[in-house]
Structures are given as C-alpha cells and as structure tokens.
Amino acid sequence: MATQNRRDFLKTATFLSASALSIPTTHAKASEPEALNENRMGVLVDTTVCIGCRNCEAACKEAHNLPMETSFNINNRDIFKLKRRPDETSLTVVNEYPNPKNKLLPTDVKVQCMHCDHPACVSACIVGAFTKHKNGAVTWDGSKCIGCRYCMVACPFQIPAFEYNKAIQPRIMKCDFCFERQSENKLPACVEICPTEALTFGKRKDLLEIARDRIKRRPERYINYIYGEHEVGGTSWLYLAGQKFSNLDFPVLGTEPAPGVTESIQHGIFAYFIPPIALYALLGGVMWINRRKNSEEEK
Amino acid sequence: MEFSMKPAQLKIKYLTPGVAVLILLAFNGFVFLALRFLYGLGYVTNLDLQHPWGIWIAIDVASGVALAAGGFTSAALGHIIYKEDYKIILRPALLTAMLGYTFVAFAVFIDLGRYYYIWHPLIYWNGTSPLFEVGMCVMIYATVLYIEFLPVVAERFIGKVNFKGIFSFLNKPVDSLLRTLNRGLRKTMFIFIIAGVVLSTLHQSSLGTLMVIAGEKMHPLWQTPILPLLFLLSAIAVGFPMVIFESLIAARSFKLKPEMEVLSGLGRMVGPLLGIYLAFKIGDMAIRGTYVYLTEVNTQSVMFMIEVIVGVIIPLRMFFSEKVLRSKLWLFVASTLVIIGVLLNRINDFLVAYSPPYAFQSYFPSIGEISVTIGFISVLVLLYRAFVMIFPVISLPDKKLITQAKYAVRGGAK
C-alpha cells in the first residue's frame, strides 16, 4: 500500500468517480408498489353471527390439499378450550371466547391472514416472494423463497407459518385468499361453505358500507368499530364484533402501514445511491489529503 | 518503535490441549449441524411459529457482524486517516473480519430453510427490504475482504509456489497469477479499502433496521426509528475493543509481548466513541420517554439495565482512566465488557425485545443451537491459529532492525 503513489491514486479515483456517476441511473427506479386497486376484494367477518361450526377449517384444508388428521373433527367443541393459531397444516382456525352479553352465545372468531393493503411481508421479503394482487390477495411464491422467515418477524398479526420439520423445500404457509379459486370466478372455500353467512365476500369498499350499515341498524348488537378498516393502513379482511376486539385476542395496532418507518429509512439511506457515493467520495478525499500530508512530511 | 515490527509467520506448535478441546467442540457442533440438514430446522432448534429467529441469527449473524467491525474501523484508522503507528493491527483485524464474515455467511446458510437458494437475492431484488440490503452488502464486503487479504497471500507465496507431484505444472501459472494480481492490486487497493468502509457503515446500520419492521412486537426499550444509527455507533465503538481483546489473547496464546503502546492508543479512542453511542441511546430514551418501562421489573428491563450499565457505562468510565489504559489486565477487562455489551445488545434486540403476540412459551435456545454456535466459534479460533502460522499476519520484532531501534530510543524522539 505504502508504495502506491499519488498519481495512481488520482488516476484510479477519476475513473472510479466517472463510473460511479453512471450507476444511479440504472438503479434509480425505486420499487414503488403498484397503486392499490379500488375494486380490490375483501371479506367481512361478522363474529356475532359465527357459530363456530368450523366448516371453514375443513373446506380450507380440502381446497389447499392439506393433511386432515384423523383427530380432525369439526363437531368436537372441546377444541375451543385452547386458543389455536393458524399453522402449517391449517391456514385458518376458529377460536371461541365468552360473550359478556349472553353466556349461552359465545363469540367465535375465525383467524387467517388479513391480506393487508400495505403488507409488511411484501415489504420485508428479501427476494420479493410475496405479492399484493389487484384483487387484494397477498400470496407467496415458492420458487423465490429462501426460507429466511423474515416475513414471520415482520407480520403484525403473526400469520405466516413455516414447515420446520421439512429438511428440503420447507414452505411458508398462509391463507392465500383462495387466489386460484378466485381466478376461476369461484368464492373462497371458507366463504362458500359458511352456513350462517358470517363471511361476506365482496369489494372492500362495499363491505365497509355494509358493516357501517349493520352497526347503525343494530347498535345494541355491535360495538361501533370495524377492525381492519384502518389497522396497519387497512386490511382486506374486516371484522365486526359485539365486544372489544382486544378481548378477542386481536392485536392493538396503529393506523400507519405495517412496514412502518422501515421503508423511509431504507429509501433515506439509499436515495438514488447518493449517500453511499457521497460517503465514498468523502473518505476518498480524507485518504488523499492524509497521504499527501504524510508524503510531504517524509520529504 | 514501529520500524522494528514486521508481519511474519508464527512458528508455533499447532496442537495444544486448548486446541484439542476446540476440535472436540467443533466436532460436537458438526453432529448437530448434520442433524439439521437431515431432519430440518425443527429437529435441532427450539424455533416455532412465534419465534422464527433464534441465536443463530442473534449471535452468529448479528453479533458476528458487529464483532467483526474491527476490520473496518481499523482500516479507516490505518488506511484512510492514515495513522502509521497502528499499522501492526491492520492485518490481524483484517484476518478476523475476513474469517468473521465467512462465518456469518455460513450461519445464514444453515439458518435458511432453503439454504440451496441462498443465491436468490442476487437475481430477485426487493429494494424495500433491509434484509436484502444486508445480504447484498455482506456478500460484497466479504469479497472485498478476500481481495484485501490477497497481498498477504502474494507476499507469502510469490516465488515460493511449490505444488508437489502431478500438480507441479501449476507452479508457474499460479506464481505469475499471484504476481499479476499483486501488481494490479497495489495500484487499486484504495478502491477496495474505501469500499469496505462504506459497505460496512451501510450494512452495520441496516442490521439495525431489520427489527424496526416488527413494530409493536418489539419492546419499546429497543424499538426506535434510530435503531440503525445505534447499531452503527455501537459497531464503531466495539471495533477497537475487539482488536485489543484479540491482540491480548493472541499475545498470551502465542507467547508474544503485546504492543501495549499501540493498544493503549486504541483504547484512548474507545472512550469518546462509547460516549457518543451512550449519548444517542440515552437521548433517544429521553425523547421517546421509554424510561418509564425501567420502573417495571421484568426480563426486558433487567436485561436493558445490564446491557447499558455493564456493557457501556462501566467500560466508558474505565477507558477514560489512564491507569486502565496502561494496564494489560484492566485494558483486557474493559474491552471484554464492551464486547459483552454489544453482544447483549444484539441478543436483546433480536430475541429479548421480541415478544410475539400469541406466544404459548418463550424461546430459549436448544442444546443443538448452542452446540452449533459454540462449534462455529471454535472453528473460527482454529482457523485463525492456522492462518497466522501459514501467512505473515502478526507483527514480530524484526531482528535486523532492532539495533536501529535502540539508537532511536537513545535519541529520545520515539
């Protein structure tokens, strides 16, 4: 290093800054997410109507070819003694909670991916394996995924599940809003089978109106809150309830999009690569000055 | 003083009782590693749907990157600020960083569910993902470190390439390849050195951005938008303590006299650097008002207090004391405390602060996870020992120049 002279330094530095200036243009196209489709679909879940029959769980397993254990029996209501979470073999589960208004009518809550409007998983995924589609669905692409599980860290609802017990090709498992069925103009499997119409499938903006209308007509039945309307910037799945959502294990979340400040930080650091290049130039300058000083001292 | 020091290969015996223990630990780690590849992550680790990341990420990757910061801080000091007095720490720090980043890459590899797709980020880009940026920077920086180490390889083998038997026809081409590379790098090395420092500041900070997206799942004592800045500042602060720590251990293990003058000089810089880190950490706390969480007694608040008091405040005070800077033992203790502080900070940030909303049980690493991590560290130490024996990394007093040095001392200047 010490033998390197000043002219070499300058020569290479000039070449370098010239080539560095040409970099930003190629990377400048910031990956702005596609604008949300106004007609994106959603599902309104009315927890006051759900009876906990768990037909949706069975239909979901069938639609996604998931293993149906011999112990799986939708008539077994003992299962409600424990709170369950969606996992790699069940993309949706129903939990039951006591109803303070009527002890004989417990509240049943179906849990699955909320299909956020600004999904943290889409923003976080290292290889962009998640996609927010026009119809509102957030899906996972197994051909890209490297299994880093950062989506699980990022998801505010703790939904993505991982097949820990597979040595080869473990998958991230989560509700895909029956993306394939929807492209064949079929309803999501859970919506189709629901016998009490606790699940309403439709355009998200229409569902919000329906939800507001229901609250207005039956104020004694519902609390005046639509969960998912504003949570983490809005979700495709919306919930109505007769009691506080925090009692039903819904996380208390802000209205900022789930990726939060992460994207602003990232875009700040990498604003067209200017900060890194500026730092590079600064360090280069410091190095040059110090070397010159040093070589002058030696003379 | 520095005129009398010259990097040389160490002539020591490789196998000692300590080395034998390390080999055993490494072997133990490999057994669990084999199980992980045969039966999947779930078989060896305590990870579950609520806790997707464990110590392989918090210690092997996050702390590994932080503790390899000695590479870029000493490169900045020695090459960019151009303090020639610190030349002798450059190669050991470079070697540690190079081995460290290699192991970080390995740790990521084994933690990935689909490890064989580790190259995917090269073709599938996601600019909004801080993990993507960390991945790319680490990949490029590791390459830069290998390039920076090439002149050492060249110095060792030019004119001495000696393949035996059927490979002997390779001797000439390899020698001329080394000569060409060495000549080319002599003129362009500064590009890589500056790039190394820039890449380090980028990914050291982005490593902090990683957990910001976990939002409400992170305890407010750690969750702050300035996490990337705190990660960068703590990485810069731990760089020199790590160099001091290694130099003192290496001196003891290889029975050399530690260069106390150089190490005290490094130590003198640690105090202010730690002070800046602490100021931002406390300032952030005051602005966000998170000190209220310290009144609750729980794992998080206790761990936070240990991290800040033992890992930052005590060593901060120590590094400002002349007595500590001049004493081998106290300098070692102070440096160790800073290292523990940063290690704890990374563990706290990735594991302790992370409280998933539906956890049925909390996460504690399994025997398998701990074994693999210890195995990795053992292999790292074993490789370091082998490298300093093969390559001229550690500076030894140059016998030819010692007489000159004596005159210099008599002259009184240095």
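The values are calculated or read from the model by the stated rules, or taken from the named source; none is laboratory data. Everything numeric here is computed off the predicted structure, so don't read it as measured data. Cβ: placed from backbone, ideal geometry, glycine included. Neighbour counts: every protein chain shown. Remember, those area values only see protein heavy atoms, side chains included, never the ligands or the DNA or RNA. Shrake-Rupley method; radii C 1.70, N 1.55, O 1.52, S 1.80 Å.
In µm²/s, what is D for the range B:215-332 at 4 °C and 1.567 mPa s, where D = kT/(6 pi eta Rh) by Stokes-Einstein and Rh is the Kirkwood radius from Cα pairs?
Using the Kirkwood radius from Cα pairs, D works out to 82 µm²/s.
Using 0.36 nm per residue, how much length does the chain from residue B:295 to residue B:38 gain when fully extended, once their Cα-Cα distance is taken away?
Separation in residues times 0.36 nm, less the Cα-Cα distance, equals 87.9 nm.
Positive end of the charge dipole of the range B:1-114 (Lys, Arg +1 and Asp, Glu -1 on Cβ, about the Cα centre): tell me which of B:90, B:66, B:40 has its Cα farthest that way.
B:90
Accessible area per residue, 1.4 Å probe, Å², for the range B:2-411: what's the number?
Dividing the accessible area of the range B:2-411 by its residue count gives 44 Å².
Give me the inter-chain shielding for A:118-130: mean count of other chain Cβ atoms within 10 Å, whole number please.
Average neighbour count from other chains, rounded to a whole number: 5.
So what's the protein assembly as shown giving for Rg/Rh, alpha carbon basis, Kirkwood Rh from the mean inverse pair distance?
Ratio of gyration radius to Kirkwood radius for the protein assembly as shown: 1.03.
Could you give the size of the charge dipole of the range B:2-411 about its Cα centre, using +1 on the Cβ of each K and R and -1 on the Cβ of each D and E, expressed in debye and rounded to the nearest 20?
In debye, rounded to 20, the range B:2-411 gives about 1980.
Once you list every other residue whose beta carbon is under 11 Å from the beta carbon of residue A:146, what net charge do they have if Lys and Arg are +1 and Asp and Glu are -1?
After counting each charged neighbour, the total is +2.
Based on a Kirkwood Rh over C-alpha pairs, give the Stokes-Einstein translational diffusion coefficient of chain A at 20 °C and viscosity 1.002 mPa s in µm²/s.
Result for D is 95 µm²/s.
For peptide A:256-267, what's the mean number of Cβ atoms from other chains within 10 Å of each residue's Cβ?
If you average over the peptide's residues, the count of other-chain Cβ atoms is 6.
For chain B, taking Cα atoms only, what is the radius of gyration to one decimal and the Dmax to the nearest whole Å?
22.5, 72
With unit charges on the beta carbons (Lys and Arg positive, Asp and Glu negative) and the dipole taken about the Cα centre of chain A, which residue among A:227, A:196, A:105 sits farthest to the positive side?
Of the candidates, A:227 comes out farthest on the positive side.
With every protein chain present, what accessible area does residue A:78 have (1.4 Å probe, heavy atoms only), rounded to the nearest 10 Å²?
About 90 Å², rounded to the nearest 10.
Give me the Å³ per residue figure for the convex hull around the C-alpha atoms of the range B:173-239.
Value for the range B:173-239: 122 Å³ per residue.
With solvent modelled as a 1.4 Å probe, how much accessible area in total do chains B and A shield from it at their shared surface, in Å² to the nearest 100?
Using a 1.4 Å probe, the pair buries roughly 6200 Å².
Leaving out ligands, DNA and RNA, and with a 1.4 Å probe, what % of the accessible surface on the protein assembly as shown is carbon or sulfur?
It is 65 percent, rounded to a whole number.
Given labels modelled 7 Å from the Cα in the Cβ direction, how far is it in nm from residue A:215 to residue A:196?
2.1 nm
Students often check this: by mean Cβ neighbours within 10 Å, which of A:159-172, A:275-288, B:92-105 ranks highest, and how do the rest follow?
So the order, starting with the most tightly packed, is B:92-105, A:159-172, A:275-288.
Return one number: the angle in degrees, 0 to 90 and rounded to the nearest 10, between the long axis of the Cα atoms of helix B:260-288 and the longest principal axis of the Cα atoms of chain B.
That helix lies at roughly 20 degrees to the long axis.
Charges only on Cβ, +1 for Lys and Arg, -1 for Asp and Glu: so what's the dipole of the protein assembly as shown about the Cα centre, in debye to the nearest 20?
Dipole about the Cα centre, nearest 20: 2720 debye.
Grab the eigenvalues of the alpha-carbon gyration tensor for the range B:1-157, scale each by 5, take roots, and send me the semi-axes largest first in whole angstrom.
33, 23, 13
Once you average over the residues of B:105-116, how many Cβ atoms of partner chains fall within 10 Å of each Cβ?
Going residue by residue through B:105-116 and averaging, the value is 4.
Note the full-extension length gain between residue B:330 and residue B:155 as 0.36 nm times their separation in residues minus their Cα-Cα distance, in nm to one decimal.
Difference between extended and current length: 59.4 nm.
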